[in-house]
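Structure first, then comments.
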Amino acid sequence: MDDAGYMYQALKLAEKGCGWVAPNPMVGAVIVKDGQVIGQGWHEKYGQPHAERNALASCTRPPDGATMYVTLEPCCHYGKQPPCVDAVLQAGIRRVVVGSGDPNPLVAGKGIQILREHGVEVTENVLRAECDRLNEVFFHYITTKRPFVVMKYAMTMDGKIATYTGASKWVTGEAARAHVQQQRHRYTAIMAGVGTVLADDPLLTCRLPGGKNPVRIICDTGLRTPLQAQVVTTAREAPTILATCCTDPEKQLAYEKAGCRVICLPEKGGHTDLDALMGKLGEMQIDSVLLEGGGTLHWAALQSGIVQKVQAYIAPKLFGGQTAKTPVEGEGVAAPADGFLLKNSVVTRLGEDFLIESEVQADVHRDC
């Protein structure tokens, strides 16, 4: 097997850390000696040993003289764990094959430099595109200190997220809905507006067996979320944050007594300042947000420039209806040339439905 083949194995291992390692990156490592895999591992959970150390601990033969394949540049600083470059050098690894460089300023090429200075052969950028894509959240968060935001919605082929009566269960089929639950496990937080809470009283948890519940963030400018809402009554089991402009301490106290956290922010454009909210969430080590709002919140998020990615689940059906809701509402743009631009789209079939994932072209319409 060649370098790409072993790196692909390391990538599949790294994916096992999805949902558990944030705000750290997902990393996988494979150790090969005399053409045989003698060790492998991945970063399993935040605060626990990194992929390189897990791979070395699993070795069935002494690793001296072996080649290590690792999806991300080995770290060279002390954090929750000691530097991985130290473990690699102590094990006598002869060659290290790296997928992605680490943009963390504490690493950023220093790990590779240390290995080379100690006589280790380093090959870089093997399956780099795939390795970079795996850690798009980490790369964004570590360089901006703000969460990576994914705007998600399900709609019909005529662009409706509900019928004219407001009925929305279900737009898409079981396969697409199951995929959404995987995304709730993958991303650290989920965000919706108070309008969604008032209309649907959603639970906003992950319903995968053994899955991880996201932190729930409700954008509620005037603190209108009912105290009987599911996101409030279950706040001690699944964390709930209310982002508001309401400064009334008595109103805030009622939610805090129920177990919610209230974040008071400035107002911008008639709603909670989403840009300021992202700064606060970043300080709380929330590295990613799955935005499952309605058309009003989606428009505000796009205008604020906080969205990095769009996930559109599209069902092969038509609802029609002049007043039926659409994924993005608000004022809208005045001319086609003013539209928010999406790029690098990927289409996946999920049962009878389709998922289109696209990156948002940055800084085109940023409202600041």
Among (1) under 23 Å from Ala22 (Cβ atoms); (2) in contact with a helix residue (DSSP H, G or I) (Cβ under 8 Å, 6 or more places away or on another chain); (3) at pLDDT below 95, the one test that Pro209 misses: (2)
Consider Gly92 carefully, then state whether it is closer than 18 Å to Ala29 by Cα, under 30 Å from the mean Cα position of the chain (by Cα) and either open to solvent by less than 60 Å² (accessible area, probe 1.4 Å) or small (Gly, Ala, Ser) (or both). no
Suppose we keep only residues that are of a type in the set (Val, Ile, Thr) and over 14 Å from Ala235 (Cβ atoms) within segment 191-219. Which one would you say is least open to solvent (accessible area, probe 1.4 Å)? Val194
Enumeration of residues in segment 129-153 that are of a type in the set (A, V, I, L, M) and within 18 Å of His185 (Cα to Cα): Leu134, Val137, Val149, Val150, Met151
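From the set of residues in segment 303-330 that are assigned to a strand (DSSP E or B) and not polar (S, T, N, Q), which is farthest from Val137 (Cα to Cα)?
Only one residue fits best here, namely Ala315.
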Checklist (1) surrounded by 18 or more Cβ atoms within 10 Å (Cβ to Cβ); (2) more than 21 Å from the chain's Cα centre (by Cα); (3) closer than 18 Å to Met26 by Cβ applied to Gln81, failing item: (1)
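Per-residue answers, yes or no, for (1) charged (D, E, K, R); (2) within 30 Å of Gln285 (Cα to Cα); (3) without any contact (Cβ under 8 Å) to a residue 40 or more places away in the chain:
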| residue | (1), (2), (3) |
| --- | --- |
| Asp3 | yes, no, no |
| Leu11 | no, yes, no |
| Pro25 | no, yes, no |
| Ala29 | no, yes, no |
| Val32 | no, no, yes |
| Gly39 | no, no, yes |
| Pro49 | no, yes, yes |
| Ala55 | no, yes, yes |
| Val70 | no, yes, no |
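If the requirement is being among the acidic types (Asp, Glu) and either surrounded by fewer than 16 Cβ atoms within 10 Å (Cβ to Cβ) or part of a helix (DSSP H, G or I) (or both), which of these qualifies: Asp86, Asp102?
Sole residue among the options that is among the acidic types (Asp, Glu) and either surrounded by fewer than 16 Cβ atoms within 10 Å (Cβ to Cβ) or part of a helix (DSSP H, G or I) (or both): Asp86.
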Within segment 311-332, which residues are closer than 16 Å to Thr163 by Cβ and polar (S, T, N, Q)? Gln322, Thr323, Thr326
Taking the criterion of being small (Gly, Ala, Ser) and within 27 Å of Val180 (Cα to Cα), would at least one residue in segment 244-256 satisfy it? no
Take Val137 and decide whether it is under 23 Å from Ile306 (Cα atoms) and open to solvent by less than 40 Å² (accessible area, probe 1.4 Å). yes
Output for Cβ contacts, cut-off 6 Å, separation at least six or different chains, first residue closer than 16 Å to Ile142 by Cβ in segment 98-121, second hydroxyl-bearing (Ser, Thr, Tyr) and part of a helix (DSSP H, G or I), reads Pro103/Thr143
Out of Thr247, Thr233, Thr188, I need the residue that is β-branched (Val, Ile, Thr), in contact (Cβ under 8 Å) with a residue 24 or more places away in the chain and open to solvent by 50 Å² or more (accessible area, probe 1.4 Å). Which one? Thr233
Do we find a residue being open to solvent by 10 Å² or more (accessible area, probe 1.4 Å) and β-branched (Val, Ile, Thr) anywhere in segment 71-78? no
Picking from Ala14, Ala22, which residue would you name as being open to solvent by 20 Å² or more (accessible area, probe 1.4 Å) and closer than 23 Å to Phe148 by Cα? Ala22
Val126 is checked against (1) in a loop (DSSP other than H, G, I, E, B); (2) among the β-branched types (Val, Ile, Thr); (3) within 24 Å of Arg186 (Cβ to Cβ) and fails just one. What number does that condition carry? (3)
Looking only at residues that are among the polar types (S, T, N, Q) and over 22 Å from the mean Cα position of the chain (by Cα) in segment 11-51, which one is farthest from Asn125 (Cα to Cα)? Gln36
When (1) aliphatic (A, V, I, L, M); (2) out of contact with any strand residue (DSSP E or B) (no Cβ under 6 Å at 6 or more places or on another chain); (3) surrounded by 15 or more Cβ atoms within 10 Å (Cβ to Cβ) are applied to Met151, the one that fails is (2)
Going residue by residue through segment 348-365, is there one that turns out to be aromatic (Phe, Trp, Tyr), touching a residue at least 12 places away in the same chain (Cβ under 8 Å) and in contact with a strand residue (DSSP E or B) (Cβ under 6 Å, 6 or more places away or on another chain)? yes
In segment 105-123, residues that are assigned to a loop (DSSP other than H, G, I, E, B) and open to solvent by less than 40 Å² (accessible area, probe 1.4 Å) total 3
Looking at segment 281-294, which of the residues that are small (Gly, Ala, Ser) and at pLDDT 95 or above is farthest from the chain's Cα centre (by Cα)? Gly282
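The values are calculated or read from the model by the stated rules, or taken from the named source; none is laboratory data. Only a predicted model underlies this, so the values are computations on that prediction, with no experimental measurement involved. Every residue, glycine among them, receives a Cβ derived from its backbone with ideal geometry; neighbour counts consider all protein chains shown. Ligands, DNA and RNA are stripped out before the accessible areas are found, and what is left, the full protein with its side chains, is counted by its heavy atoms. Shrake-Rupley method; radii C 1.70, N 1.55, O 1.52, S 1.80 Å.
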